[in-house]
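Report on the following structure.
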Number of protein chains: 2
Amino acid sequence: MDDRVRSVSEKSVQWDEAADVVIIGSGFAGLSAAIEAREAGASVVVIEKMNAVGGNSVISDGGIAAPGTDLQISRGITDTADRMAADMLAAGCGLNDPALVRVVADQAKEIFDWSREALGVEYLDRVDQFGGHSVARCYTAKHVTGATIINKQMERVNALGVDIRLHTLFTGFVRQTDGRVAGIATCDAAAGRPVDTGQQRHLKAERGIILAAGGFSSDIAFRAAQHPRLNEMIDSTNKPFATAEVMKAAIRIGAAPVQLSHIQLGPWASPDEKGYGVGPAFAEYILFQYGVLIDPATGSRFVNEMADRKTLSDAMLTMGHPCVGIADAAAVEGSGWSIDSCLKRGIVRAFDGLKELVACYQIPQAPLEKTIEHFNEGFTAGRDLEFGKPLLSQALPISHPPFYGMRLWPKVHYTMGGLRINSRAEVIDLDGRMIPGLYAAGEITGGIHGASRLGSCAITDCLVFGRIAGKNAVEVREHKRIGKVE
Amino acid sequence: MDDRVRSVSEKSVQWDEAADVVIIGSGFAGLSAAIEAREAGASVVVIEKMNAVGGNSVISDGGIAAPGTDLQISRGITDTADRMAADMLAAGCGLNDPALVRVVADQAKEIFDWSREALGVEYLDRVDQFGGHSVARCYTAKHVTGATIINKQMERVNALGVDIRLHTLFTGFVRQTDGRVAGIATCDAAAGRPVDTGQQRHLKAERGIILAAGGFSSDIAFRAAQHPRLNEMIDSTNKPFATAEVMKAAIRIGAAPVQLSHIQLGPWASPDEKGYGVGPAFAEYILFQYGVLIDPATGSRFVNEMADRKTLSDAMLTMGHPCVGIADAAAVEGSGWSIDSCLKRGIVRAFDGLKELVACYQIPQAPLEKTIEHFNEGFTAGRDLEFGKPLLSQALPISHPPFYGMRLWPKVHYTMGGLRINSRAEVIDLDGRMIPGLYAAGEITGGIHGASRLGSCAITDCLVFGRIAGKNAVEVREHKRIGKVE
């Protein structure tokens, strides 16, 4: 057993307090659930282990996907829930649970409208098409941050009188003898781990418990058990607290984990800064399109720089050390983006010549020059001679100083796998039955995004399933109903 | 909780009997463990739920992989454990646990020699190179069946006095309060399910319990939870008893499941026969190389027929219905194989002309003729014009009657995921600690083959880790040693 988390029988505890609905986690999913449950008349307690609400949600870009919106219609963009579902299934390589995908796609427009109308979230006046979406259907919260959405959720949560407990650690489930989850144990996060049981408080959930504790991108031991390459050599774009303890506790009481080894890496990240950082803006919008990725040990290219995230990340991991991306002044010019913040922080470096660049990154000069020369010959031939990368019409040979260099090494970005749920956000056990009293929503769940999540679909997922969990947890249900799933 | 399997505390049971080592399952892994444990002096009980030993092992082809063998050396084939490990990791897309791969590759030659010298298993005098292996290192048991190996294992098991209990169902673990697994509950398989606890017997394991219960290819509900496409529409090449109940029971007591959604499909299977059948011989050795795969709804090709197993299977599943493979008399002639058994059982059908073939499979005639014509033009052009499939030098246009047709639809073949183990075959929990008293080997374990298992590596894995489990389970170990893995 984990020293930290220990689930016990209801017989062995004294309840300290009770609420109708208890929610673990205060990100997009947890706060959506809290709002929905409270509006349905339930008393709601949200526990959050950190000193502030929002979890990883606050550091997201605030991108949300929805089809058939007014923003699309005013731009003449035709889109449907069917099309969004098809895009999600294609990206997920068919591993997604089709029923869960339908729920997200079917309710996406309503949830987007809800976020604007009921919560007052403001979005930029633009519709973007991110990779893997077959049409422009992505909206970005004002100030390009998930904090914009979290702040509005918190305004509503506070107005409704939801009880938010910061700095409160989940330490285990309390179960009835029939298997129903009756409540949770918590302690002050400052009490530290392992938990002295004397410091625990027991919080009864009269109606339901909602797990909205997020993914496990920063839980190195757990993610490496599922995917051995993703060890301590790999950073995460997530905050350090994105760990698996709540999910593991749920698995220990019978919840079925699904697709845990499907973990998304961002190949656009820099090993020279922590977390998401500024490097991705240069890599994703300039380097991959206009430049080359070089193995510094050989001076050679090793992949089509415009391949998908998984292909690029796998190629880098197989190489075993960071690569160096190289582009030139013409690339930055052609892209139309500013790279000032990348240069200021030293994530991207400028060099007068290739000679200075290879010296900095310790790349053998002659092979590198040959590689660049060969790449540049592609512009005469009309195609990338080595990897067949599409050459943009405005792209030019890499020959216009200053030359820009950036080191790249993938970072864990999102965990697609997690607890199995059904369309009602009920947690499902290893035999396909619901666990009475237990619900889950957001990144802690698995099966919605399959092998790969599309950008901007996470917030849609969190809001949709957060509200579903909040609504269903309030319903008084027969304890012993344990119907088969579908 | 599953009605069938319920794990309980040692306090609540009366032991009916005891053995040093208790093994669940009597396939390659279970019998290897039994031999090793018994030879080390332990009393051993093997329980097997079916009426005969051997599980799925007896229906395998009996192919085993090993590097550096006398059979290779006598043929001038250079091979090493490093090379075999690299091949396994490449096929597994880097998901494999490198430490476990090393164990299999490093001990493969020894285990192959052991099977011949200690057990007396006879192999055909040939060395084959199966797909994904970079060198010929695959040996086939006499009569091309795993039963050859199982029979020799049973000779040894009987000579050693291992207690084999057929028709005996595992119904749950018995645990000590400190988490150590102390024994199991069983019942007569005829007692049926759910189990009346009055009919259970409790078998104490003084030294260790070894889980060698196989994979879950035939457990439709469980595999579809991990991979929703693999529902009841998909058959399995495995026997119907290849189900997940023992693995699920282990997860319920804390064992970490890894990579459960990585399930191997065979694209060479026929929906017109149950199980593995005879169709794969025609599909894999003639159709894919010489013929075409057609979507009967459109008359078009839809994939490079020489793509890997996963690509072909995924393309078929995406299409959503069986495809039709078409080859001609010249293909069968060129391949040098007989298809008599395929024709006799009606899995492959012969037609005087394409007209008769399209009528049988309800393919639109004009588009199909156009597809074949376009494919045939490739022989003039020197390349497959549609999908770039390599054209064999001896291949000819599809124009020599009789024409042969076969319907294809993938079948679940092997489950790469399972229980997490370490190099000592100890079962590891969700926090990376060993579960005292619990060992596992064979297809019930996960992480050795990663995203895709290479043909003929399963038997090597089963024999190697079966023996390791048998050896380590015999060691008397301190109950409370729960060291971190690596």
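Let a ≥ b ≥ c be the square roots of the eigenvalues of the Cα gyration tensor of region B:73-137; is it rounded (a/c under 1.5), or, if not, prolate (a/b larger than b/c) or oblate? Show your work: numbers first, answer last.
Numbers: a/c = 2.25, a/b = 1.44, b/c = 1.56.
Taking the square roots of the gyration eigenvalues as a ≥ b ≥ c, region B:73-137 is oblate.
Name the residues of region A:72-121 whose accessible area, probed at 1.4 Å, falls by at least 30 Å² once all protein chains are in place instead of their chain on its own?
A:G94, A:L95
Taking 0.36 nm per residue of separation and subtracting the Cα-Cα distance, what length does fully extending A:R116 through A:S12 add? Can you show the working numbers first?
Details: separation 104, 0.36 × 104 = 37.44 nm, distance 4.58 nm.
Here the answer is 32.9 nm.
Compute the Cα gyration tensor for region A:116-273, then decide on rounded, prolate or oblate, letting a ≥ b ≥ c be the square roots of its eigenvalues: rounded whenever a/c is under 1.5, prolate when a/b is larger than b/c in the other cases, and oblate in all that remain.
On the way: a/c = 1.91, a/b = 1.26, b/c = 1.52.
It comes out oblate by the Cα gyration axes.
Any chance you could give the angle, 0 to 90 degrees and rounded to 10, that helix B:147-160 forms with the longest Cα principal axis of chain B?
Value to nearest ten degrees: 10.
State in Å² the accessible area per residue of region A:359-486; use a 1.4 Å probe, count heavy atoms of protein chains only, and round to the nearest integer.
Working: 4760 Å² over 128 residues.
Heavy-atom accessible area per residue stands at 37 Å².
Put simply, what bits of region A:413-462 lose 40 Å² or more of accessible area when the other protein chains are there, versus the chain on its own (1.4 Å probe)?
Residues meeting the cut-off: A:L430, A:D431, A:R433.
Kindly provide the helix-only [θ] at 222 nm of chain B, computed as the sum of -39,500 (n - 2.57) over DSSP H runs of four or more divided by all residues, to the nearest 500 deg cm²/dmol?
Theoretical 222 nm ellipticity from helices: -9000 deg cm²/dmol.
Between A:A307 and B:N158, what is the spin-label point distance in nm, taking each point 7 Å from the Cα along the Cα→C-beta axis?
Using points 7 Å along Cα→Cβ, the separation is 5.4 nm.
Under a cut-off of 19 Å between alpha-carbon atoms, report the aspartates and glutamates in cross-link reach of B:K152, not counting same-chain residues fewer than 8 places apart.
Cross-link targets: B:E36, B:E39, B:E48, B:D61, B:E110, B:D113, B:E117, B:E122, B:D125, B:D163, B:D461.
Along Cα-to-Cβ, 7 Å out, sits the label point; list in nm, shortest first, how far the one on B:E110 is from those in the other copies.
6.2
Copy-to-copy spacing for A:A90, label 7 Å out on the Cα-to-C-beta vector, in nm, shortest first?
3.1
Tell me, what is the FRET efficiency for B:F241 and B:F379 to the nearest 0.05, using R0 = 41 angstrom and their Cβ-Cβ distance as r? Walk me through the numbers on the way to the answer.
Numbers: r = 47 Å, r/R0 = 1.15.
The formula returns an efficiency of 0.30 here.
What total accessible area, in Å², is buried where chains A and B meet, using a 1.4 Å probe and rounding to the nearest 100? Provide the component values of the computation, followed by the final result.
Numbers: alone 19500 and 19520 Å², together 36510 Å².
Using a 1.4 Å probe on protein heavy atoms, the buried area is about 2500 Å².
Just to confirm the number: angle between the C-alpha axis of helix B:309-319 and the first principal axis of chain B, 0 to 90 degrees, nearest 10?
So the inclination is approximately 70 degrees.
Using the heavy atoms of the protein chains and a 1.4 angstrom probe, tell me the accessible area per residue for region A:245-326 in square angstrom. Could the numbers behind the result be given before it?
Working: 2120 Å² over 82 residues.
Per residue, region A:245-326 has 26 Å² of solvent-accessible surface.
Before anything else, pin down the relative contact order of region A:1-114: Cα pairs under 8 Å, at least 6 apart, normalised by residue count, whole percent. Could you put the intermediate results ahead of the total?
Working: 93 pairs, mean separation 21.8, N = 114.
RCO, region A:1-114: 19 percent.
If you place +1 on the Cβ of every Lys and Arg, -1 on the Cβ of every Asp and Glu, and leave all else neutral, what size is the dipole of region A:16-164 about its Cα centre, to the nearest 20 Debye?
Details: 12 positive and 21 negative charges, 90 e Å.
The calculated dipole for region A:16-164 is roughly 440 debye.
Nearest 10 degrees is fine. How inclined is helix A:81-91 to the longest principal axis of chain A, computing both from alpha carbons?
70 degrees
Partner chain Cβ atoms within 10 Å, averaged over the residues of A:253-264 - can you pull that number for me?
Numbers: counts 1, 5, 0, 7, 9, 7, 9, 8, 13, 3, 0, 0.
The mean count of partner-chain Cβ atoms within 10 Å per residue comes to 5.
Using alpha-carbon pairs under 8 Å, 6+ residues apart, how would you state the relative contact order of chain A in percent? Spell out each step's value before the answer.
Working: 1144 pairs, mean separation 116.6, N = 486.
The value is 24 percent.
Run the accessible area of chain B with a 1.4 Å probe and give the carbon-and-sulfur part as a rounded percent.
Details: 9130 of 18260 Å².
Within chain B, the accessible surface is 50 percent carbon and sulfur.
Non-local amide H neighbours of A:T168 (under 5 Å, H modeled in plane, Pro and chain starts lacking H): which ones?
Residues meeting the amide H criterion: A:E48, A:K49, A:M50, A:A189.
For B:M50 and A:L343, what is the calculated FRET efficiency with R₀ set at 56 Å and r taken between the beta-carbons, to the nearest 0.05?
For R0 = 56 Å, the calculated efficiency reads 0.25.
Sorted from shortest, what are the nm distances separating the label point of A:P367 from equivalent points in the other copies, each placed 7 Å from Cα along Cα to C-beta?
Nearest to farthest, the other copies are at 4.9 nm.
Check the straight Cα-Cα distances from A:K389 and name the lysines below 21 Å, setting aside those fewer than 8 residues away within the same chain.
A:K310, A:K370
Going from most exposed to least, what order do B:Y414, A:Y123 have by accessible area with a 1.4 Å probe?
Of B:Y414, A:Y123, the descending order of accessible area is A:Y123, B:Y414.
Per residue, how much accessible area does region B:1-143 have with a 1.4 Å probe, in Å²?
Numbers: 5720 Å² over 143 residues.
I get 40 Å² per residue for region B:1-143.
How much FRET efficiency would the formula 1/(1 + (r/R0)^6) give for B:E369 and A:D106, where r is the Cβ-Cβ distance and R0 is 30 Å, rounded to 0.05?
Values: r = 42 Å, r/R0 = 1.41.
After rounding, the FRET efficiency stands at 0.10.
The values are calculated or read from the model by the stated rules, or taken from the named source; none is laboratory data. Keep in mind it's a predicted model, so treat the numbers as computed, not measured. Don't worry about glycine lacking a Cβ; one is built from the backbone with ideal geometry, like all the others, and counts go over all protein chains shown. Remember, those area values only see protein heavy atoms, side chains included, never the ligands or the DNA or RNA. Shrake-Rupley method; radii C 1.70, N 1.55, O 1.52, S 1.80 Å.
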